[in-house]
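J.: Take a look at the following structure, please.
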Amino acid sequence: MRHIPKSRHVLAGSLGLLVAAGALTVASTANAATTLGASAAASGRYFGTAVAAYKLSDSTYSGILNREFNSITPENEMKWDATEPQQNQFSFGSADQIVARARSIGAKVRGHALAWHQQQPGWTSSLSGTALRNAMLNHVTQVATHYKGQIDSWDVVNEAFEDGGSGARRDSNLQRTGNDWIEAAFRAARAADPAAKLCYNDYNTDGQNAKSNAVYAMVQDFKARGVPIDCVGFQSHFNAQSPLPSDYQANLQRFANLGVDVQITELDIEGSGTAQANSYAAAVRACLAVTRCNGITVWGIRDSDSWRASGTPLLFDNSGNKKAAYNSVLDVLNSVTTPTSPPTSPPTSPPTSPPTSPPTSPPTSPPAGSGCTSTITLNQWNGGFVATVRVTAGANRLNGWTVNVTLPAGAAVTNAWNAQVSGTSFSNVSYNGSVNAGATTEFGFQGTGTGPSVSTCTGR
């Protein structure tokens with residue numbers, strides 16, 4: 001499958017970051033790293049590429065991949081239509097192949113993408129409202145759980161805002177389930193894989209405009225309310241009609257100032273020769289100038305692998321030879337050798353939701369033996385909910401736990417993660433039953449109706 005082409009909106013002030021005549025490069029030193037990934041790693045960053053599983057058997061393609069990149073994004077293999085072709089029947093073979101390749105070369109994996117209005121499986125077209133919302137949350141939960149501990153960053157939600165000057169949300173089937181669908185997807189992803197960074201990803205947001213302002217306002221709101229979001233992805237597909245904007249670096253910086261990482265997620269620049277090389281150098285230099293810009297991904301390896309192949313937009317030509325753009329990128333990466341901040345630190349937002357109620361110390365009167373307490377945080381919408389439950393051990397270590405919840409009339413549990421469920425009783429699974437005194441673990445579940453607010457915990 002090809003990455004679906006998208007329309008592009010012309011951004012003003014396009015060439016302010018480019019150096020006029022020729023040379024926005026810094027000569028590499030004798031001991032500088034000689035590959036893109038190694039050079040990026042010298043400043044604590046990654047330099048990655050989008051990969052198609054069916055091309056891994058191409059020796060030229062795989063050779064470049066193995067040599068040059070320290071991060072991999074599956075191009076289509078983790079999208080909804082690929083991973084859940086029939087409802088509740090999951091297919092991970094091609095995506096697993098890419099993850100295995102990343103692991104074999106020591107590369108990070110960017111997951112792309114859990115929730116998107118395009119490339120949905122056909123069965124979703126018959127769903128709407130609560131049924132679609134629950135299906136989306138189940139998909140997010142199951143896929144993120146399958147890859148738990150293997151993903152550095154997830155594009156949780158992709159392209160949810162309209163183009164043009166309105167700054168409005170895109171009118172999609174997901175949007176019509178309720179305006180909180182993006183928040184619900186992020187909460188479900190955090191519950192399923194607390195260690196992964198959670199990103200919002202979009203295009204035509206590279207400079208400040210109505211669309212990027214709308215995304216900025218959403219991120220600002222999420223951070224203020226404790227909705228788990230750790231990063232924002234800027235696709236950065238550039239050409240003559242939509243060139244690199246003059247305020248690219250400033251735009252990355254203003255998002256970083258909100259307390260999230262920023263990532264260039266799908267970089268490709270149509271063109272050739274010196275002009276293309278300078279544009280690439282300017283984009284990379286902008287990232288390096290922003291402390292929290294922790295990685296760059298180009299959308300493909302060779303020009304012939306690109307969804308915009310006729311525009312020759314990548315760093316290697318059809319035969320796999322390095323282009324002038326490759327050399328300019330490598331030189332800029334080698335110009336920065338000291339990490340500006342640790343880009344691979346744990347997520348910057350709370351692990352699941354605003355920490356308004358979890359105990360910070362053992363209960364004052366723990367029951368005899370292995371006592372525990374439980375607290376519920378709800379993400380509720382009309383007709384459904386996601387519940388995150390935090391289990392806290394009392395004065396003694398837990399060797400297992402059971403949490404019982406009280407559901408309001410008409411409510412029902414539809415699925416759960418990080419726990420075994422029987423009716424409204426949830427118990428630990430193999431990896432989270434042992435909890436040290438005063439420590440915590442979490443599980444989650446989703447359901448229909450109104451979510452519970454009351455729970456009791458029994459330890460053993």
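The values are calculated or read from the model by the stated rules, or taken from the named source; none is laboratory data. What you see is a predicted model; the values in this text were computed from it and never measured. Don't worry about glycine lacking a Cβ; one is built from the backbone with ideal geometry, like all the others, and counts go over all protein chains shown. For accessibility, only protein heavy atoms count, side chains too; no ligands or nucleic acids. Shrake-Rupley method; radii C 1.70, N 1.55, O 1.52, S 1.80 Å.
J.: What figure in square angstrom, to the nearest 10, would you give for the accessible area of S212 with a 1.4 Å probe?
T.: About 0 Å², ignoring ligands and nucleic acids.
J.: Full extension from W123 to S272: what is 0.36 nm times the residue separation minus their Cα-Cα distance, to one decimal in nm?
T.: Once the chain is fully extended between W123 and S272, it gains 49.4 nm.
J.: Could you report the accessible area of I105 in Å², rounded to 10, computed with a 1.4 Å probe on the protein chains as they sit in the structure?
T.: About 50 Å², rounded to the nearest 10.
J.: Turning to a different aspect of this structure: May I ask you to compute the full-extension gain from Q86 to R176, defined as 0.36 nm times their residue separation minus their alpha-carbon distance, rounded to one decimal in nm?
T.: 30.2 nm
J.: Could you state the accessible area per residue of segment 141-294 in Å², with a 1.4 Å probe and every protein chain left in place?
T.: 26 Å²
J.: Cross-link candidates for K323: which lysines have Cα within less than 28 Å, leaving aside residues fewer than 8 places away along the same chain?
T.: Partners within reach: K6, K55, K108.
J.: Given segment 36-335, what percent of its DSSP beta bridges are antiparallel, to the nearest 5?
T.: 10 percent
J.: What are the residues whose amide H is under 5 Å from the amide H of W154, where those residues sit 5 or more places off or on another chain and H is modelled from the backbone?
T.: Counting only residues 5 or more places away or on other chains, the set is G111, K197, L198, C199.
J.: May I pose another question? Using C-alpha positions alone, give me the convex hull volume of segment 36-335 per residue in cubic angstrom.
T.: 120 Å³
J.: Under 17 Å from a point 7 Å along the Cα-to-Cβ line of I105: which residues of segment 59-82 have their amide N that close?
T.: 59-77
J.: Within 10 Å, count the other beta carbons around each residue, average over each peptide in 77-87, 326-336, and list them highest first.
T.: The packing order, highest mean first, is 326-336, 77-87.
J.: Quick one: pull the percent of accessible area on segment 369-460 belonging to carbon and sulfur, 1.4 Å probe, ligands and nucleic acids left out.
T.: Roughly 46 percent of what the probe reaches on segment 369-460 is carbon or sulfur.
J.: Continuing with the same structure: Give me the 1.4 Å probe accessible area per residue for segment 41-106, excluding ligands and nucleic acids, in Å².
T.: Averaged over the residues of segment 41-106, the accessible area is 36 Å².
J.: May I pose another question? List the residues, sorted by chain then number, that are 5 or more residues from T414 or on another chain and whose placed amide H is less than 5 Å from its amide H.
T.: Residues meeting the criterion, in which the H sits 1.01 Å from N, are Q446, G447, T448.
J.: Follow-up. What's the center-to-center distance, using Cα atoms, between segment 238-278 and segment 189-227 in Å?
T.: 17 Å
J.: Using only the alpha-carbon atoms, what does segment 78-133 span along each of its principal axes? Please give whole angstrom values in decreasing order.
T.: So the three principal-axis extents are 42, 17, 16 Å.
J.: Note down the nm distance, to one decimal, between modelled labels 7 Å out along Cα→Cβ at V454 and at T406.
T.: 0.0 nm
J.: When a/c is below 1.5 the answer is rounded, else prolate if a/b is larger than b/c, else oblate, so apply that to segment 104-210 with a ≥ b ≥ c taken from the square roots of the Cα gyration tensor eigenvalues.
T.: It is oblate, given that a/c is not under 1.5 and a/b is not larger than b/c.
J.: While we're looking at this one, here's another question. Taking only protein heavy atoms and a 1.4 Å probe, what accessible area per residue, in Å², does segment 370-460 have with all protein chains in place?
T.: Roughly 39 Å² per residue, with all protein chains present.
J.: May I ask you to give the percent of accessible area on segment 36-335 that is carbon plus sulfur, with a probe radius of 1.4 Å?
T.: Of all accessible area on segment 36-335, carbon and sulfur atoms account for 46 percent.
J.: Still on this model: What is the calculated FRET efficiency for S59 to A195, with r their C-beta to C-beta distance and R₀ = 25 Å, to the nearest 0.05?
T.: Approximately 0.15, to the nearest 0.05.
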